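Inspection log for the structure reproduced underneath, given as structure tokens.
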Amino acid sequence: APRAVPCPDGQSECPDDATCCVTGSGTWGCCPMPQASCCADKVHCCPHATVCDLTRGRCVSPTGDTDVPLSTAFPAWKRQPPAPVALHQVLCPDGRSVCPDGATCCQLSPTHYGCCPLQNAVCCSDGQHCCPQGTTCDLIHSTCTSLGGSAPLAALPTARDVKCDEETSCPNGNTCCRLSSGAWGCCPLEQAVCCPDHVHCCPQGYTCDPEGGSCLQEGGTRRPWVRKTPALPRGGQVISGVVQCDEETSCPDGSTCCRLSLGTWGCCP
């Protein structure tokens, strides 16, 4: 259930409008009403603000205006581990710079890439602008021309790296977090909270809940925690954990070397 009530054991949960009650076997059960009273026999339950009269098999309110039969709890189910937030980023041909999902890497200079906020975009030869797919750059008139007309050129923001230390960096929009090995990892969130397990991270303003495998916000909002990726060496020095394409070129661990149309190597993430 997307909105479930977690039971105190941290492993069981009940539907959104139910209440967790301990059963006779010591496991958790669900009473099919919100904020219910759990009966002492560990089998039955009563609506909120009523008490269990087990001898008569009834739920009674202290004021005497409610008298209903006892309800039976049903078994709770095990909580599903939260799915980690999926990483969708476009890796640029240098194997180090990344652009957001749905963007296109465009070369700004021999060593730097920028991100064009369009999918499958055309990169202009001035290294500063880009145009939508199927159009051409008209640098004289600063427009993108297609057979049907023209539109102004889109300027390119730079793909920047987040510096962890002198040797290591993470893609733009990430946060540097230590891995359990002591090396730097990259959390795919800006200004993230690094979890003490050295594996996960949470968005800004949340705390890591190791019991529930999730991120908690003041007020009880939960969201799944995020798994970090290893950081890349600055300047592209080759280290273990990278995929060698040839003598000079490598891609980050977990990616695949694929030839680009120019004959150079690209990295498929």
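Considering segment 242-268 alone, what residues qualify as being closer than 30 Å to residue 207 by Cβ and either among the β-branched types (Val, Ile, Thr) or modelled with pLDDT under 75 (or both)?
Once the filter is applied, which keeps residues that are closer than 30 Å to residue 207 by Cβ and either among the β-branched types (Val, Ile, Thr) or modelled with pLDDT under 75 (or both), segment 242-268 yields 253, 254.
Could you list all residues from segment 30-74 that are farther than 25 Å from residue 6 by Cα and hydroxyl-bearing (Ser, Thr, Tyr)?
Within segment 30-74, 55, 61, 63, 66 qualify.
Would you tally the residues in segment 50-70 being open to solvent by 30 Å² or more (accessible area, probe 1.4 Å), in a strand (DSSP E or B) and hydrophobic (A, V, I, L, M, F, W, C)?
Final tally of qualifying residues: 4.
Among the residues of segment 102-126, write down those that are among the small types (Gly, Ala, Ser) and modelled with pLDDT of 85 or more.
121, 125, listed by residue number.
Looking only at segment 6-49, which residues are in contact (Cβ under 8 Å) with a residue 40 or more places away in the chain and outside any strand (DSSP E or B)?
Correct list: 7, 10, 11, 23, 27, 32.
Name the pairs whose Cβ atoms lie under 9 Å apart, with the first residue in segment 179-195 and at pLDDT 80 or above, the second aromatic (Phe, Trp, Tyr) and crowded, with 19+ Cβ neighbours inside 10 Å, and 6 or more positions between them or separate chains?
The qualifying pairs are 192/206; 193/206; 195/225.
The values are calculated or read from the model by the stated rules, or taken from the named source; none is laboratory data. Here the structure is a predicted model, which means the values were calculated and not measured. When we count neighbours, we look across all protein chains shown, and the Cβ atoms used for this are built from the backbone with ideal geometry, even at glycine. Just so you know, the surface numbers come from the protein's heavy atoms only, side chains and all, with ligands and any DNA or RNA stripped out. Shrake-Rupley method; radii C 1.70, N 1.55, O 1.52, S 1.80 Å.
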